[in-house]
Amino acid sequence: MDDDVREQAEEAAEVNALYNALKHDSDAQVGAIMGPLMGQNPEFREHGDEMAGVVAPVVERVNGMDAAEKRERLADLAPERVEELDAEDEEDDQALPDLPNAEEYDEVRMRLAPNPNGPWHLGSARMPAVIGTYKQIYDGWMLCRFDDTDPETKRPDLDAYDEILDAVDYLGFEPDEVIKASDRVDIYYDHARELIDLGGAYTCSCSGEDFSDMKNSGEACPHRDKDAETVHEEFDAMVDGEYDSGEMVLRVKTDIEHKNPALRDFVAFRMIDTPHPREEAADYRCWPMLDFQSGIDDHLTGITHIVRGIDLQDSAKRQAFVYDYFGWEYPEVVHWGHVQIDAYDVPMSTSTIIEKIEAGELTGWDDPRAPTIASLRRRGIRGEAIVDAMVELGTSSSNVDLAMSSIYANNRELIDEETDRAFFVRDDGPGTEGSVELSVSGGPDEGEPLVHPNHEDRGRRSIPVEGSVVVEAADLPADGERVWLKGYGCVRYEGEEFVATGDDLAVVREGDVDVIHWAPADGPRLRLRTMDGDVTGVAEPGVLDYEADDLVQFERVGFARIDDPGDDPAVAYYTHP
């Protein structure tokens, strides 16, 4: 990061920190400002790994000011942000906007509506994060409804139902009720029959191409005026599976001259020959389209507020036709833009991820290179860190960018103080330059670095030095120069060995000597799985004493989750810097 970018980042961080502290009448938090900072300034994203180090001292400086000083400084830097503060409700400390007309309902009722065609990618976390948070704000009710009525194009994965519920739990939420749409097909049939009686639906055997031509020209389908008795007979034949796929559909009558052709007489039910993978639903061949199924379910489950993508605006308009026929009141709707996430080469697409797993390009949904919730979980990132970053994006109808660095900053605040430190010397893998083995003479028989630099009461680690150590090649000083082996002492590089010098820590404080990490040459081998590929090296022996799921911070490398300490080599997953 050059000086100009650093200066811009520091000023932007200061504005966001001042605003955050004044808005919440508390200390600013690095994690809370990283999201908006990176979202407002996309040019900073390429420096994502460095941003937390730039932001943290700025936040610390801001938190040292009193409220009057913060306000005066913000007025100097960004007076429009002070006006924004003054215009806001002083009691409103939520990142999310108020739900529309929430006060008019006895209970706010919202729903998650996942398609269980695979575990969730990272973008899927936005829905439970925001809806779960709204549930907490309004002391509301939350449904998880699996929209699994497409057994062909978005074929359900039988494992995904539980995997999705497990992901919701990991993010910190629990649905008040869970239902599967494929268990409710007869309910949709009943409402289709009622809609036919109301004159709102008709069976159609036109080819897709022919109907499209008529629809686009505003011409009514010749089947549109069938009598209700014929429509009932043909719909019952659909239900009984007497038609092949594509032979017959049930359409909702809308406005054949509507200015938006997509809303003209849309399909409510179609025939699908492929059996549903759930045994309980395998006999059905007549399946509702999502707009019909979802609209019926939203009413029957009492949903008051729907949050959905801006690309689904037409869904609300189609469903409104059905609601008008039945005399129902349509729920409040919030449309938001797509969330885009940096740092991944693999697209956030369930089908693409499945293809890469099947092709052996990914080891599974929890591969660190996959943009999935399972991947972040295995890397040791807490659900709360993801939720906070997603909530900070709000519900704007514009597309928004989520920088992974904001999730990392949130997680760092959650885990830093409780996470032990350890040494890991990398010798092979992406971003490494190899390692060097050197004998050590003249020093103690062991190093004793602190378990945690901020908590001396937690003691020291004991790392034996039996003849030689390994250090990363990039840390090797010039011949005759000194370095400080952290927790061990000052040594001079002389040919093929390190020789202890007896210097005290003053040489480090004065800036004359760099501090580096190290490991005994005979230490345990460890494989660190990262987003860029696997990195191997040597760790300090104490790493093997940790259990699976324990977190450590490999000093000067980053946080990691211990995955399998008993393997050879031991396995850990890289969390973040």
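Of these, CYS221, CYS206, which one is in contact with a strand residue (DSSP E or B) (Cβ under 7 Å, 6 or more places away or on another chain) and over 27 Å from ALA281 (Cα atoms)?
None of the others qualify; the one that does is CYS221.
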Checking ARG270 against (1) farther than 22 Å from MET110 by Cβ; (2) in a loop (DSSP other than H, G, I, E, B), the condition it does not meet: (2)
All helices (runs of 4 or more DSSP H) inside the stretch 27-135 with 2 or more residues being closer than 30 Å to PRO347 by Cα and at pLDDT 95 or above: none
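Can you confirm whether ALA343 is out of contact with any strand residue (DSSP E or B) (no Cβ under 9 Å at 6 or more places or on another chain), assigned to a loop (DSSP other than H, G, I, E, B) and small (Gly, Ala, Ser)?
yes
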Selection status of ASP563, assigned to a loop (DSSP other than H, G, I, E, B) and within 30 Å of SER375 (Cβ to Cβ): no
Test result for LEU158, of a type outside the set (Asp, Glu), outside the structural domain of LYS226 (by TED's automatic domain parsing) and surrounded by fewer than 16 Cβ atoms within 10 Å (Cβ to Cβ): yes
Segments classed as strands (runs of 3 or more DSSP E), wholly inside the stretch 362-466, with at least 3 members that are over 17 Å from ALA560 (Cβ atoms) and of a type in the set (Gly, Ala, Ser): 435-441
Selection from the stretch 532-550 of residues that are within 27 Å of the chain's Cα centre (by Cα) and crowded, with 20+ Cβ neighbours inside 10 Å: VAL535
Those residues of the stretch 568-577 which are modelled with pLDDT under 95, more than 22 Å from the chain's Cα centre (by Cα) and under 27 Å from ASP345 (Cβ atoms), in sequence order: none
Some residue of the stretch 182-191 being modelled with pLDDT of 95 or more, within 25 Å of ASP236 (Cβ to Cβ), outside any helix (DSSP H, G or I) and touching a strand residue (DSSP E or B) at 6+ places or on another chain (Cβ under 6 Å): no
Options GLU437, GLU448; residue that is more than 14 Å from ALA519 (Cβ to Cβ) and at pLDDT 95 or above: GLU448
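Please enumerate the residues belonging to the stretch 482-538 that are among the basic types (Lys, Arg) and assigned to a loop (DSSP other than H, G, I, E, B).
LYS486
The values are calculated or read from the model by the stated rules, or taken from the named source; none is laboratory data. In this text, all values refer to a predicted model and were calculated from it rather than measured experimentally. Don't worry about glycine lacking a Cβ; one is built from the backbone with ideal geometry, like all the others, and counts go over all protein chains shown.
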